[in-house]
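**Student:** Would you mind keeping the following structure in view while I ask a few things?
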Amino acid sequence: MAVYSTAPRRYPFLPVGRSRRRDQRDSQATMCLIAFNWQPQAPVPLTLIANRDEFYARPTQALHKWEDTGFLAGKDLQAGGTWLGVSHTGRVAALTNHRDVNQHRDDAPSRGDLTSAFLRGTASCAQYLETLAATAHQYNPFNLLVFDGHSAMGFESRHGQPFALAPGVGAVSNADFGTPWPKLQRLQAAYTQHLAKHGLAQGDAAPSHHGDLFAMLAERRLAADDALPHTGLPIERERALSAEFIHTPTYGTRASSLLFVHRHGASFFERSFDAAGMSGEVHHTTTWGTTL
């Protein structure tokens, strides 16, 4: 089994010609930036801090308890899936899209269904991802992070191979895990420094630190042009998308999330945004077997 490393990786180069209409189809229910701290022996084995970017016009339901399944997750009301969720049985799934115009198919199934399928299932991470490897080509490109209560693993559909997450802080955006895009490197570095400063390398769920974590996700600093990834988009759009928190007239960060997974439950915090700014804040907790 491969192990994910935080060593820098090359980002893909994509052709010009991506349209707004294609962007809307391509986004579906996915995150756009995730930093995580995986500490398998710690009281808080897994923490995720993440932003979901989307068109403001796309209908979305904020973090809530799904009545049919008991999941805690937001919901893409257009495609029906989710980008980040936790089940009452202690399973976690998070999804990002991998920008690749050449691989896009209009008739591909929703990638948001992949998170829901894992959350409602009972297969281990390895079993689920090994099964997924056989059908991953049917979807538009994606990255998936899953936790089954014991192990944490990742999957890049571009490569089709599951891999174990190495303990420590890592990150993924809209390219392979660890691809050195400026905003990914900034968020991963800021989170690592936060943990070191407070002596929290083994996990942090203290409410007093939530403001610091949300502030990391709210960073609007743009990358220098010579540091932008070359994904085939016009440089003006690459520049606008280079901040951790994105805000344009029609597209931007719609949700910032903090998810803390404990030994016996989880705490999930979400701030929602629209074109005018923050539109809501919600907090849910779950003890394995129940949801509040």
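The values are calculated or read from the model by the stated rules, or taken from the named source; none is laboratory data. In this text, all values refer to a predicted model and were calculated from it rather than measured experimentally. Don't worry about glycine lacking a Cβ; one is built from the backbone with ideal geometry, like all the others, and counts go over all protein chains shown.
**Student:** Of all residues in the stretch 32-49 being β-branched (V, I, T) and outside any loop (DSSP other than H, G, I, E, B), which is farthest from the chain's Cα centre (by Cα)? First the steps, then the outcome.
**Tutor:** Within the stretch 32-49, the first condition is being β-branched (V, I, T), and the residues that meet it are 34, 44, 47, 49.
Next, from what is left, pick out any that are outside any loop (DSSP other than H, G, I, E, B): 34, 47, 49.
Values: I34: 4, T47: 12, I49: 8 Å.
Among residues in the stretch 32-49 that are β-branched (V, I, T) and outside any loop (DSSP other than H, G, I, E, B), the one farthest from the chain's Cα centre (by Cα) is T47.
**Student:** Let me confirm something: among L184, L222, which residue is outside any loop (DSSP other than H, G, I, E, B) and within 22 Å of A243 (Cβ to Cβ)? Even if it seems obvious, please write down each step before you answer.
**Tutor:** On the way: L222 fails: outside any loop (DSSP other than H, G, I, E, B).
None of the other options fit; the residue is L184.
**Student:** Another one. Only one residue in D106, D148 is within 24 Å of T286 (Cα to Cα) and among the charged types (D, E, K, R), so which one is that? It would help to see each step written out before you state the result.
**Tutor:** On the way: D106 fails: within 24 Å of T286 (Cα to Cα).
Sole residue among the options that is within 24 Å of T286 (Cα to Cα) and among the charged types (D, E, K, R): D148.
**Student:** Look through the stretch 105-116, keep the residues that are within 20 Å of R52 (Cα to Cα) and of a type outside the set (S, T, Y), and return whichever of them is farthest from the chain's Cα centre (by Cα). Spell out the reasoning first.
**Tutor:** Taking the stretch 105-116 as the starting set, the residues that turn out to be within 20 Å of R52 (Cα to Cα) are 109-116.
Next cut, of a type outside the set (S, T, Y) only: 109, 111-114.
Details: P109: 19, R111: 13, G112: 11, D113: 14, L114: 13 Å.
Ranking the candidates gives P109 first.
**Student:** Sticking with this structure for a sec: Which is of a type in the set (K, R) and within 19 Å of the chain's Cα centre (by Cα), of R271, R263? Even if it seems obvious, please write down each step before you answer.
**Tutor:** Numbers: R263 fails: within 19 Å of the chain's Cα centre (by Cα).
None of the other options fit; the residue is R271.
**Student:** Which residues, taken from the stretch 225-235, are over 17 Å from L187 (Cβ atoms) and either in contact (Cβ under 8 Å) with a residue 40 or more places away in the chain or within 20 Å of the chain's Cα centre (by Cα) (or both)? Spell out how you get there, then give the answer.
**Tutor:** Quick first cut of the stretch 225-235, residues over 17 Å from L187 (Cβ atoms) only: 225-226, 230-235.
Residues satisfying the conditions are H230, T231, G232, L233, P234.
**Student:** On to the next question. Give the stretch 104-127 a look and list any residue that's surrounded by fewer than 23 Cβ atoms within 10 Å (Cβ to Cβ) and without any contact (Cβ under 8 Å) to a residue 40 or more places away in the chain, or say none.
**Tutor:** R105, D107, A108, P109, D113, A117, G121, T122, A123, S124, Q127, listed by residue number.
**Student:** So, of the residues in the stretch 159-174 that are surrounded by 17 or more Cβ atoms within 10 Å (Cβ to Cβ) and in a loop (DSSP other than H, G, I, E, B), which turns out to be farthest from the chain's Cα centre (by Cα)?
**Tutor:** Among them, the one singled out is P167.
**Student:** Which ones in the stretch 268-292 are assigned to a strand (DSSP E or B) and at pLDDT below 95? Please lay out each step first, then the result.
**Tutor:** Step one: filter the stretch 268-292 for residues assigned to a strand (DSSP E or B), giving 268-274, 277-287, 290-291.
Answer for the stretch 268-292, where residues must be assigned to a strand (DSSP E or B) and at pLDDT below 95: T285, T286, T287, T290, T291.
**Student:** Sticking with this structure for a sec: Filter the stretch 87-103 down to the residues that are buried (at least 21 other Cβ atoms within 10 Å of the Cβ), under 21 Å from E54 (Cα atoms) and among the β-branched types (V, I, T) and list them by number.
**Tutor:** Answer for the stretch 87-103, where residues must be buried (at least 21 other Cβ atoms within 10 Å of the Cβ), under 21 Å from E54 (Cα atoms) and among the β-branched types (V, I, T): just T96.
Residues checked against (1) surrounded by fewer than 19 Cβ atoms within 10 Å (Cβ to Cβ); (2) touching a residue at least 40 places away in the same chain (Cβ under 8 Å); (3) within 30 Å of D68 (Cα to Cα):
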| site | (1), (2), (3) |
| --- | --- |
| P249 | yes, no, no |
| T253 | no, yes, yes |
| A266 | no, yes, yes |
| S279 | yes, no, yes |
| H283 | yes, no, yes |
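**Student:** Pairs needed: first member in the stretch 188-209, surrounded by 13 or more Cβ atoms within 10 Å (Cβ to Cβ); second member anywhere, at pLDDT below 80 and of a type outside the set (A, V, I, L, M); C-beta distance under 8 Å; at least 6 residues apart or different chains.
**Tutor:** Within 8 Å, the pairs are Q188/T6; H194/D204; L195/D204; H198/D204.
**Student:** Looking at L200, L233, L241, L228, which one is among the aliphatic types (A, V, I, L, M), modelled with pLDDT under 95 and farther than 29 Å from Y56 by Cβ?
**Tutor:** Values: L233 fails: farther than 29 Å from Y56 by Cβ; L241 fails: farther than 29 Å from Y56 by Cβ; L228 fails: farther than 29 Å from Y56 by Cβ.
Exactly one residue qualifies, and that residue is L200.
**Student:** Please go through the stretch 97-143 and give me each residue that is β-branched (V, I, T) and over 23 Å from G74 (Cβ atoms), ordered by number. Steps first, please.
**Tutor:** Quick first cut of the stretch 97-143, residues β-branched (V, I, T) only: 101, 115, 122, 131, 135.
Hits for the stretch 97-143 are V101, T122, T131, T135.
**Student:** Next question. Only residues that are part of a loop (DSSP other than H, G, I, E, B), among the aromatic types (F, W, Y) and in contact with a helix residue (DSSP H, G or I) (Cβ under 6 Å, 6 or more places away or on another chain): list them for the stretch 50-81, please. Let's see the steps before the verdict.
**Tutor:** Quick first cut of the stretch 50-81, residues part of a loop (DSSP other than H, G, I, E, B) only: 56-59, 66-71, 77-81.
In the following step, the residues that additionally are among the aromatic types (F, W, Y) were identified as 56, 66, 71.
If the condition is that a residue be part of a loop (DSSP other than H, G, I, E, B), among the aromatic types (F, W, Y) and in contact with a helix residue (DSSP H, G or I) (Cβ under 6 Å, 6 or more places away or on another chain), then F71 is the only one that fits.
**Student:** Same structure again: Out of the residues in the stretch 221-246 that are touching a strand residue (DSSP E or B) at 6+ places or on another chain (Cβ under 7 Å) and not aliphatic (A, V, I, L, M), which is farthest from K183 (Cα to Cα)? Please lay out each step first, then the result.
**Tutor:** Taking the stretch 221-246 and keeping what is touching a strand residue (DSSP E or B) at 6+ places or on another chain (Cβ under 7 Å), we get 244-246.
Imposing the further condition that a residue be not aliphatic (A, V, I, L, M) reduces the set to 244-245.
Numbers: E244: 5, F245: 9 Å.
The extreme case among them is F245.
**Student:** Sticking with this one: What number of residues within the stretch 106-155 satisfy the criterion of being hydrophobic (A, V, I, L, M, F, W, C), in a helix (DSSP H, G or I) and more than 25 Å from A42 (Cα to Cα)?
**Tutor:** Taking the stretch 106-155 and keeping what is hydrophobic (A, V, I, L, M, F, W, C), we get 108, 114, 117-119, 123, 125-126, 129, 132-134, 136, 142, 144-147, 152-153, 155.
Add one more test, that the residue is in a helix (DSSP H, G or I), and what stays is 114, 117-119, 125-126, 129, 132, 136.
Filter once more, keeping what is more than 25 Å from A42 (Cα to Cα): 114, 117, 132, 136.
The number of residues fulfilling the criteria is 4.
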